[in-house]
Structures are given as C-alpha cells and as structure tokens.
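All remarks here apply to the structure that follows.
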Amino acid sequence: MGARGPQSKSALTVIGVGGIEVVERPKPPAELTDEQSKEWLSVVNAHAADRFPRGQHPMLAAHCRHVVAQRRIAALIADHESGETFDHDYYDQLLKMQERESRCLASLAVRLGFAYSTAYEKRPPKGNGAGVKRPWEIEADGRTDGA
C-alpha cells in the first residue's frame with residue numbers, strides 16, 4: 001500500500017520506469033496501392049497516434065480507396081471538359097460516378113469522425129407553423145381572435 005494523503009508535487013511530476021507508453025501510428029495495409037498508402041499516411045499523420053484503433057482500419061482503408069477514385073474521376077471529368085469533342089452521355093456517367101464517390105466519402109467521413117452528420121438537426125414540432133395558435137395563446141373563453 002502507498003502512503004496516505006495527498007502526493008507531493010515532485011512525486012506527481014516524476015515519471016517512473018515504464019511510465020511512458022509508446023503508441024505507434026498504424027501502417028497502411030499491404031493491399032493498398034502506393035497512392036492509397038500515401039493517402040493513408042497523410043490521414044494518420046494528421047491525427048493523434050492512437051486516433052485509429054484496429055477496428056477502424058478497414059473503414060480508413062476504404063476511405064483512402066475512395067479518395068483516390070474520386071481524384072481519378074475528377075481528372076477524367078477535367079480531361080473530357082477540355083477535350084475536342086464532348087459526349088453528353090459519357091459526361092453524365094462521369095458525374096454520376098463522382099456523386100457516388102462523394103456520397104461514400106461523406107458517409108465514411110462521418111463514421112470515422114472527420115465530419116459531423118446533420119441528419120439529427122432539431123426541427124420544430126408539427127402543427128406549430130405560421131398562424132397556428134399554441135394552447136397558452138388561446139383565450140379563456142376559447143376564442144383565438146383576441147376580441
């Protein structure tokens with residue numbers, strides 16, 4: 001058992017042997033391409049070393065894949081827009097691909113904690129729109145016209 005009472009200031013500031021835990025940043029999975037691995041490292045290095053537990057690694061890998069795919073689609077769109085000919089059907093297909101990747105990235109960003117979801121915004125209760133009297137606004141005799 002340790003000594004009773006408050007600890008001294010010096011006892012609180014001294015770190016004993018083995019008191020520091022080294023946390024290594026997660027390495028990119030082997031199945032990622034070089035470009036995807038670079039994205040992994042940039043994301044991991046932008047956060048605290050212990051930010052991504054092992055359970056989040058598959059989601060983080062998917063995020064990196066989608067970022068790279070999004071870049072490639074954006075490059076295809078830019079090339080098509082600056083090209084000699086313009087195929088509206090192909091352009092529409094590229095835009096749909098871009099939207100799909102954007103949705104995946106947004107979903108993963110919320111789940112990984114990079115962005116916040118606005119799905120749970122507070123909405124006013126139904127029936128309290130303009131012109132609708134609330135129960136405390138109704139006169140004692142039941143009339144709402146104020147006369």
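Please treat every number below as a calculation from the coordinates, not as lab data. As the structure is a prediction and not an experimental result, all values here were calculated from the model.
Calculated on the Cα set of region 19-60, radius of gyration then Dmax: 10.9, 38 Å.
Within the P(r) computed for region 30-88, what percentage of the Cα pairs occupies the region above 19 Å? It works out to 43 percent of all Cα pairs.
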